[in-house]
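My questions all concern the structure below.
Just so you know, all these numbers are worked out from the coordinates, no wet-lab data involved. On a predicted model such as this, the values are computed, not experimentally measured, just so you know. Neighbour counts are summed over all protein chains in view; Cβ atoms, including those assigned to glycine, are modelled from backbone coordinates with ideal geometry.
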Amino acid sequence: MVIAIDGPAASGKSSVARALARRIGWLYVNSGAMYRAVTWLAVSHGVPCDDAGKVLGLLDTTDFSCGMRDGESTILLDGADPDLHLTEPAVNANVSAIASIPEVRRILVEKQRTFAEANDIVMEGRDIGSVVFPETPYKFYIDASPEVRARRRASQGLADTIAARDKIDTTRRTSPLVIAEDAHVVDSSNLTIDGVVGEIVGRLKMKGLALSPNV
Ligand code: DC
């Protein structure tokens, strides 16, 4: 079973998806981290992120493997964990270009789907409900006002080009960020993480998903 959580940058979806997965005991999968890992790979090799041929060539010669640890998805690039680099400014600035390359998306979507073969998962991203798992009945779209999102990023001390990323993510040709028709939209602007998780859990129960009684 899959719970899809989509939304724009800094909408709170990572914190919500992780907290929800812990609460219900499902695997948390961060699909954005995969696009970020490819971006870091390109940046650290001096490959221009808008050169699809070069990016794909590099990906082809790299062992990109996904796994799980402590209830969360993990990534290794040629055996090394890129985690510490994934929120660097150069990655933030280039990840939307990488995510616009259709063949990169095809490769990563395939990896994303394999997580659901043996696990119940909470996966967050931009196209999880619309493209990766369109058949799941459990779709959520987390939003927040642009001001709140900018404030959240600033309070994390991270330089991010949220408005520029939003523009590319919503207008790209392949799998743009959209609100899936059957997604439940939650505005997190004035809610805590627990508040959003509570709303999602309530909705899941309403839809008949059997969760353990203490959830
Ligand atoms: O969720 P995030 O901000 O870490 O995602 C980083 C970028 O990756 C985002 O700007 C767009 C892209 N992305 C995507 O295109 N599709 C996904 N399922 C997840 C992320």
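List the residues, sorted by chain then number, that are 5 or more residues from residue 64 or on another chain and whose placed amide H is less than 5 Å from its amide H.
Those lying under 5 Å, H to H, from residue 64 are 78.
Using each residue's phi in region 85-101, evaluate 6.51 cos²θ - 1.76 cosθ + 1.60 at θ = phi - 60° and report the 3J(HN,Hα) Karplus result to the nearest Hz, with x for Gly and Pro.
Computed from phi, the couplings for region 85-101 are 8, 6, 10, 5, x, 5, 6, 3, 6, 10, 5, 5, 5, 4, 6, 8, 7 Hz.
Take the alpha-carbon positions of region 103-153, form their convex hull, and give its projected area averaged over all directions (one quarter of the hull surface) in nm².
If you wrap the Cα atoms of region 103-153 in a convex hull and average its projections, you get 4.8 nm².
Moving to a separate point now. Report the longest stretch of the chain that contains none of the trypsin sites (Lys or Arg not before Pro) sitting in a DSSP loop with at most 15 other Cβ atoms within 10 Å.
Formally, the longest exposed-site-free interval is 1-172.
How large is the Kirkwood hydrodynamic radius of region 1-153, in angstrom, based on all distinct alpha carbon pairs?
Mean inverse Cα-Cα distance, inverted, gives 15.8 Å.
Taking 35 Å as R0, compute the FRET efficiency from the Cβ-Cβ separation of residue 1 and residue 61 and round it to 0.05.
The computed FRET efficiency comes out at 0.45.
How large is ³J(HN,Hα) for each residue in region 118-126, as worked out from phi by the Karplus curve 6.51 cos²θ - 1.76 cosθ + 1.60 (θ = phi - 60°), to whole Hz, x for Gly and Pro?
Values, residue by residue: 10, 9, 7, 10, 10, 10, 10, x, 10 Hz.
Quick query: amide H of residue 144 versus all other amide H atoms, modeled in the peptide plane; which residues come in under 5 Å with a sequence gap of 5 or more or a different chain?
Answer set, sorted by chain and number: 188.
Moving on to the next point. With a cap of 12 neighbouring Cβ atoms within 10 Å, and only residues DSSP puts in a loop, list the GluC sites (Glu not before Pro) found in region 124-215.
Within region 124-215, the qualifying GluC sites (Glu not before Pro) (loop, at most 12 other Cβ atoms within 10 Å) are 135, 181.
Going by C-beta contacts inside 10 Å, put 182, 63 in order with the fewest on the left.
Exposure proxy ranking, most exposed first: 63, 182.
For region 166-215, what are the per-bin percents of Cα-Cα distances with bins 10 Å wide, up to the bin holding the maximum?
Final binned percentages: 20, 36, 30, 13, 1.
Moving to a separate point now. Using 1/(1 + (r/R0)^6) with R0 = 30 angstrom and r between the beta carbons of residue 54 and residue 201, what's the FRET efficiency to the nearest 0.05?
0.10
Take a quick pass over the chain and tell me how many lysine pairs come in under 19 angstrom between Cα atoms, counting only ones 8 or more apart or on separate chains.
Number of lysine pairs found: 4.
Enumerate the amide H contacts of residue 3 below 5 Å, restricted to partners 5 or more residues apart or on another chain; note that Pro and chain-start residues carry no placed amide H.
Here 121, 122, 123 satisfy the definition.
List the equivalent ellipsoid semi-axes of region 77-180 in whole Å, largest first, each obtained as the square root of 5λ for an eigenvalue λ of the Cα gyration tensor.
Computed over region 77-180, the values are 23, 19, 15 Å.
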